[in-house]
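Engineer: First, the structure itself, so that you have it in front of you.
Computed from the coordinates by the stated procedures, all read-outs in this text should not be read as laboratory data. Fair warning: this is a prediction, and the values are worked out from it, not measured in the lab. FYI the Cβ positions are ideal-geometry reconstructions off the backbone, even for glycines, and counts take in every protein chain you see.
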Amino acid sequence: MTLTASINEIARSLNGLEPPWLPAYDMRAYAEKVDSECGYSAEMMVALEINTRMFEEVVAYVHLCGAFASLHPSPARQYECVRNDRAEIDDVLAHHATGACPTYTGLLTSFVDRGIVVRCAPG
């Protein structure tokens, strides 16, 4: 399964829970960026770094979908949207898109920093 296919497969399995405005980021470009910046010379270490970062992207993608979906309380839900203002969301999306290689982890962080999404209380 390719990097892009894995995110697409997860999106299909979420069966419409993803927000319609959630962008499709180029995970292949991100993997290449990680590869070029990680600083490891051993292929195994590079692969571990890329796998770790891709895992983080998948987790962030799922967290973003869960934050904006209408769901019952669940310990699996780590974030929730507290300000669902489309203008604010669009502003975050536009600002985040200006980066060289936008990511879901970065987008989630931006939403948290702006107070649009908050971490759910445990339990």
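Engineer: Based on DSSP H runs of at least 4 residues, each adding -39500 (n - 2.57), what is the mean residue ellipticity at 222 nm of the chain after dividing by all its residues, to the nearest 500 deg cm²/dmol?
Structural biologist: Details: 5 runs with 70 residues, N = 123.
One gets -18500 deg cm²/dmol as the mean residue ellipticity at 222 nm.
Engineer: Let me have the relative contact order for the chain, percent, based on Cα pairs under 8 Å that are six or more residues apart.
Structural biologist: Working: 111 pairs, mean separation 33.5, N = 123.
Contact order relative to length: 27 percent.
Engineer: Sorted from fewest to most neighbouring beta carbons within 10 Å, what does the list Glu80, Glu9, Glu43 look like? All intermediate terms of the calculation are to be shown ahead of the outcome.
Structural biologist: On the way: Glu80 17, Glu9 13, Glu43 8.
Ordered from fewest to most neighbouring Cβ atoms within 10 Å, Glu80, Glu9, Glu43 come out as Glu43, Glu9, Glu80.
Engineer: Output the 0 to 90 degree angle, nearest 10, between the alpha-carbon long axis of helix 86-97 and the longest principal axis computed from the alpha carbons of the chain.
Structural biologist: Tilt of helix 86-97: around 10 degrees.
Engineer: Give me Met54, Met44, Met27 ranked fewest to most by other Cβ atoms within 10 Å of their Cβ, as a rough exposure proxy.
Structural biologist: Details: Met54 17, Met44 8, Met27 23.
Taking fewest neighbouring Cβ atoms as first place, the list is Met44, Met54, Met27.
Engineer: Hey, what does the equivalent ellipsoid look like for the chain, semi-axes from the Cα gyration tensor as sqrt of 5 times each eigenvalue, largest first, whole Å?
Structural biologist: Working: eigenvalues 137, 55, 38 Å².
The three semi-axes for the chain are 26, 17, 14 Å.
Engineer: If I fit a long axis through the Cα atoms of helix 27-37 and take the longest principal axis of the Cα atoms of the chain, what angle between them do I get, 0 to 90°, rounded to 10?
Structural biologist: 50 degrees
Engineer: Taking amide H positions as placed in the peptide plane 1.01 Å from N, state which residues far from Val117 in sequence (5 or more) or on other chains have amide H under 5 Å from it.
Structural biologist: Long-range HN contacts for Val117: Val82, Val112.
Engineer: While we're on this one: Please give the helix 43-68 orientation as an angle from the longest Cα principal axis of the chain, in degrees from 0 to 90, rounded to the nearest 10.
Structural biologist: Taking the Cα atoms of the chain, the angle to 43-68 is about 10 degrees.
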